[in-house]
Amino acid sequence: MRGDCFAPAEEDDRTSPGWLPMPDVHPTDDSDELHAPETPAQRRARRAQFLRDLMEARELRDRVQPRRARAARMRQQMRMRTFRW
């Protein structure tokens, strides 16, 4: 059989010592909040925060790896020069 070569799954991964729940999965007093649909405003706010974090991460990467950042800028400029409308 194909599944015989795999190790058996643990009964419950949460019992392992390194297991931590996801930050936004913690149960709260308002259990309706977990099941309520996300409003467009909440989604936009969450997306804006994600994009801010992404830009911050890219800026940090560019600061700590200047040669790679310069090469990426050059590749982007070349793509823009060769792009046809």
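The values are calculated or read from the model by the stated rules, or taken from the named source; none is laboratory data. Predicted, not measured: the structure shown is a model, and the values here were computed from it. Don't worry about glycine lacking a Cβ; one is built from the backbone with ideal geometry, like all the others, and counts go over all protein chains shown.
The figures follow:
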{"item": "Single match in Ala41, Ala57, Ala48, Ala69 (criterion: modelled with pLDDT of 65 or more, assigned to a helix (DSSP H, G or I) and in contact with a helix residue (DSSP H, G or I) (Cβ under 7 Å, 6 or more places away or on another chain))", "result": "Ala69"}
{"item": "Filtered residue count, region 72-85, keeping only those that are surrounded by 10 or more Cβ atoms within 10 Å (Cβ to Cβ) and either hydrophobic (A, V, I, L, M, F, W, C) or not in a helix (DSSP H, G or I) (or both)", "result": "3"}
